[in-house]
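The values are calculated or read from the model by the stated rules, or taken from the named source; none is laboratory data. Bear in mind that the values here come from a model prediction, so they are computed numbers and not experimental data. Quick reminder, even Gly has a Cβ in these numbers, built from the backbone with ideal geometry, and neighbours come from all protein chains shown.
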Amino acid sequence: MRLIAFFLCFFSIAAVAATKHAPLPEAAYQAKTVFIANKTGYQSTTDGAYDALTKWGRMSVVTDRAAADEVLTFTYTDELRNGTTQWGEFSMTVQLKGVDEPIFQTSSESRGFHLASNRGAVGAQECVKEFRKRLSEDH
């Protein structure tokens, strides 16, 4: 009996602790095309985002910003110490067509940055993964 009470208490606390988000605009759930705006300076960011989006298969990547339902903008900031990058963060914002304010923002620390061929790819993939999780929540 104590074991059952423990599990009921544990799962009740876990359910209350679960993060709830306000729903995204309906247009975010209906979007079929996306444009990747890469402001990081690393081609691998675009490649990583493209890879994650095509594997997801929910939206098609377009090369014309005006034709996109959503725009994913990637930026990168780093901290230099003694001429060497010590830390960096890739950020992604999502905007709907014709809307100035972002509807979603996320970031990822720059794992794999030491590999020239991977600069930005992992960060972009992690950001797309977070957006994918958010869109999969009930709305």
For region 6-24, state whether one or more residues are surrounded by 11 or more Cβ atoms within 10 Å (Cβ to Cβ) and modelled with pLDDT of 80 or more. yes
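Identify the residue in region 75-110 that is polar (S, T, N, Q), in a strand (DSSP E or B) and more than 18 Å from the chain's Cα centre (by Cα) and, among all such residues, is modelled with the highest pLDDT. Even if it seems obvious, please write down each step before you answer.
Taking region 75-110 as the starting set, the residues that turn out to be polar (S, T, N, Q) are 75, 77, 82, 84-86, 91, 93, 95, 105-108, 110.
After this cut, where a residue has to be in a strand (DSSP E or B) as well, the list is 75, 77, 84-86, 91, 93, 95, 105-108.
Retained after the next criterion (residues that are more than 18 Å from the chain's Cα centre (by Cα)): 84-86.
On the way: Thr84: 57, Thr85: 53, Gln86: 53.
Once the filter is applied, the top-ranked residue is Thr84.
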Any residue in region 25-53 that is among the β-branched types (Val, Ile, Thr) sitting within a Cβ distance under 9 Å of a residue that is in a helix (DSSP H, G or I) and surrounded by fewer than 13 Cβ atoms within 10 Å (Cβ to Cβ)? List the pairs, counting only those 6 or more apart or interchain. Thr33/Ala67
Looking at region 32-56, which of its residues are surrounded by fewer than 19 Cβ atoms within 10 Å (Cβ to Cβ) and not in a helix (DSSP H, G or I)? Lys32, Thr33, Ala37, Lys39, Gly41
